[in-house]
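Visitor: After the structure tokens below, expect a handful of questions from me.
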Amino acid sequence: MNTFPILNINQFKGFTNSAHFYANDFKSHYLKNQKKICVPHKHDFFLTVIFTQGSGIHEIDFNRYEIKPGTVFMLKPGQMHNWELSEDIDGYIFFHTQSFYDLTYTQRSVTNYPFYYSSQNAPLIHFSSEVFEGIIPFFKCILNEYRTDQLLKQNKICSLIDLIYIEISRHYLQQEQNQTSTSSHYALKVQELELLIDTHFIQEKSPHQYAEWMHMSTNHLNRITKAVLNKTTTELITDRVILEAKRLLIHSKESFAIIASKLGYDDYAYFSRIFKNKCNETPSQFLRKYQ
């Protein structure tokens, strides 16, 4: 169904040939990979980038975010994004696979960090100049370590990533407007639900079925999703359908009716009503505006 590229770390040439980690200064990364990264694409890895100068727009899953010095973006595998960047853009970037982190810290996972709980969570934070100056040395140290071949190299890089993620988490949680305290158990359940939705959203749109798969009542599953994301299970399923619809509308040459059918809707008029209720515009209006 997907008609856009899914990039992996092997497609980025770094200072070492690693299938699990990559780092670079952003200017060098951008100049070397511009053709790949300036068109909408996905990754199969986690990405963190901090901008030190320049400006632009970062579009992630059809949401547009301003780029300015002090902005940090954190992307999960599977999110679609692309850039519009000024000529003086610079910063630091690194990616890693889930196993790169999780095999080092066996008692926790990278997905335990609040910005990776859910693809619904904001994928960025803007640091004050004071915090920015404090965190930049960690990015520089990761790049220096990546460029050398020292003993315990992976251990040090993972430790530096952990320090960056901890610092981001502290300020990310303070920045979030909805500061409800959610347990790690609830966060894990939302992650489990989102994986199920990703797998089955075309064939299955009933919240009752997802609750059954997770061995709980529909009401309890709704309590969890409301506590973590302030959304119902139905809203999460619909969000995933609409996201895939937007991707197909832009990157597929098929008719709207065929796209609706591929998403599990034989009645295009019904699908169009769902789309308009969610986006305040019809599929054709969305496509015209985006183009």
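Read the figures in this text as sums done on the coordinates, not as results from a lab. No experiment lies behind these values; they were computed from the predicted model shown. A quick note on method: Cβ atoms are made from the backbone with ideal geometry, for glycine too, and the neighbour counts reach across all protein chains shown.
Visitor: How far is helix 153-175 tilted, in degrees, relative to the longest principal axis of the Cα atoms in the chain, given as a value from 0 to 90 rounded to the nearest 10?
Guide: Helix 153-175 sits roughly 60 degrees off the main axis of the chain.
Visitor: A further question follows. Specify the inter-centroid distance of the stretch 207-277 and the stretch 99-158, based on alpha-carbon positions, in whole Å.
Guide: 32
Visitor: What translational diffusion coefficient, in µm²/s and rounded to a whole number, does the Stokes-Einstein relation yield for the stretch 54-130 at 10 °C and a viscosity of 1.306 mPa s, taking the hydrodynamic radius as the Kirkwood radius over Cα pairs?
Guide: On the way: Rh = 14.0 Å.
Here the translational diffusion coefficient equals 113 µm²/s.
Visitor: For helix 184-200, what angle does its Cα long axis make with the longest principal axis of the chain, in degrees from 0 to 90 and rounded to 10?
Guide: 60
Visitor: Which longest run of the chain has no exposed loop site in it, a site being GluC sites (Glu not before Pro) in a DSSP loop with at most 15 other beta carbons within 10 Å, and the site itself not part of the run? Walk me through the numbers before you get to the answer.
Guide: On the way: sites that count: E87, E176, E254, E281.
Between the exposed loop sites, the longest stretch runs 88-175.
Visitor: Place a +1 charge on the Cβ of each Lys and Arg in the stretch 184-290 and a -1 charge on the Cβ of each Asp and Glu, then give the dipole magnitude about the Cα centre in debye, rounded to the nearest 20.
Guide: Details: 15 positive and 12 negative charges, 91 e Å.
The dipole magnitude comes to about 440 debye.
Visitor: Select one label from [x] 54; [y] 39; [z] 27: the one whose number is percent of Cα pairs over 33 Å apart as derived from the coordinates shown.
Guide: [z]
Visitor: Could you give each residue of the stretch 223-234 its phi-based ³J(HN,Hα) in whole Hz, using Karplus coefficients 6.51, -1.76, 1.60 with θ = phi - 60°, and x for Gly or Pro?
Guide: Result, rounded to whole Hz: 4, 5, 5, 5, 5, 7, 10, 6, 9, 7, 4, 4.
Visitor: Suppose a student asked you for the relative contact order of the chain, using Cα pairs under 8 Å spaced at least 6 residues apart; what percent would you report?
Guide: On the way: 400 pairs, mean separation 40.0, N = 291.
In percent, rounded to a whole number, it is 14.
Visitor: Now a separate question. Roughly speaking, what is the stretch gain from M216 to R108, that is 0.36 nm per residue apart minus the C-alpha to C-alpha distance, in nm to one decimal? Don't skip to the end; give the middle numbers.
Guide: Details: separation 108, 0.36 × 108 = 38.88 nm, distance 2.46 nm.
Gain in length upon complete extension: 36.4 nm.
Visitor: Let me ask something else about it. For the stretch 189-255, how many pairs of lysine residues have a Cα-Cα distance under 22 Å, where the two are 8 or more positions apart or belong to different chains? List each step's numbers first, then the result.
Guide: On the way: K189/K205; K189/K226; K189/K231; K205/K226; K205/K231; K205/K246; K231/K246.
Taking the stretch 189-255 as the scope, the lysine pair count is 7.
Visitor: Report, to the nearest 10°, how far helix 268-279 tilts away from the longest principal axis of the Cα atoms in the chain, using its own Cα long axis and a range of 0 to 90°.
Guide: Once rounded, one gets 50 degrees.
Visitor: Here's another thing I want to ask about it. May I ask for the Kirkwood hydrodynamic radius of the stretch 38-94, worked out over all distinct Cα pairs and given in angstroms to one decimal? Intermediate results must be reported in sequence, preceding the final value.
Guide: Values: mean 1/r = 0.0876 Å⁻¹.
Here the Kirkwood hydrodynamic radius works out to 11.4 Å.
Visitor: Ok, one more. How are the C-alpha pair distances of the stretch 184-290 spread across 10 Å bins, as whole percents from the shortest bin up?
Guide: P(r) for the stretch 184-290, in whole percents per bin: 15, 44, 28, 13, 1.
Visitor: For the chain, what does the helix formula give at 222 nm: sum of -39500 (n - 2.57) over DSSP H segments with n ≥ 4, over the residue count, nearest 500 deg cm²/dmol? Please list the in-between numbers first.
Guide: Numbers: 11 runs with 141 residues, N = 291.
Mean residue ellipticity at 222 nm (helix-derived): -15500 deg cm²/dmol.
Visitor: Something else about it: Of Q34, Q107, Q150, which has the largest mean-square fluctuation in a 10 Å C-alpha GNM of the chain?
Guide: Of the options given, Q107 has the highest mean-square fluctuation.
Visitor: Can you tell which of V39, V72, V49 shows the greatest fluctuation in a Gaussian network model of the chain with Cα springs below 10 Å?
Guide: V39
Visitor: If you don't mind, there's one more thing I want to ask. With viscosity set to 1.306 mPa s at 10 °C, what whole-number translational diffusion coefficient in µm²/s follows for the stretch 6-175 from Stokes-Einstein and a Kirkwood radius over Cα pairs?
Guide: 99
Visitor: Once fully extended, how much extra length lies between Q174 and K35, figured as 0.36 nm per residue of separation less the alpha-carbon to alpha-carbon distance? Intermediate values should be presented prior to the final figure.
Guide: Working: separation 139, 0.36 × 139 = 50.04 nm, distance 3.66 nm.
Stretched fully, the Q174-K35 segment lengthens by 46.4 nm.
Visitor: Taking a label point 7 Å from the Cα of T232 along the Cα→Cβ vector, which residues of the stretch 108-125 have an amide N closer than 17 Å to it?
Guide: Of the residues in the stretch 108-125, none has backbone N under 17 Å from the label point off T232.
Visitor: Given labels modelled 7 Å from the Cα in the Cβ direction, how far is it in nm from D198 to Q154?
Guide: Placing both labels 7 Å along Cα→Cβ, they lie 2.2 nm apart.
Visitor: Short version: what are the Cα gyration tensor semi-axes of the stretch 1-102, square root of 5 times each eigenvalue, largest first, in whole Å? Don't skip to the end; give the middle numbers.
Guide: Working: eigenvalues 78, 55, 33 Å².
They are 20, 17, 13 Å, listed largest first.
Visitor: Still on this structure: Work out how far the C-alpha atoms of the stretch 104-240 reach from end to end along every principal axis, then list the three figures in whole Å, largest first.
Guide: 52, 32, 25
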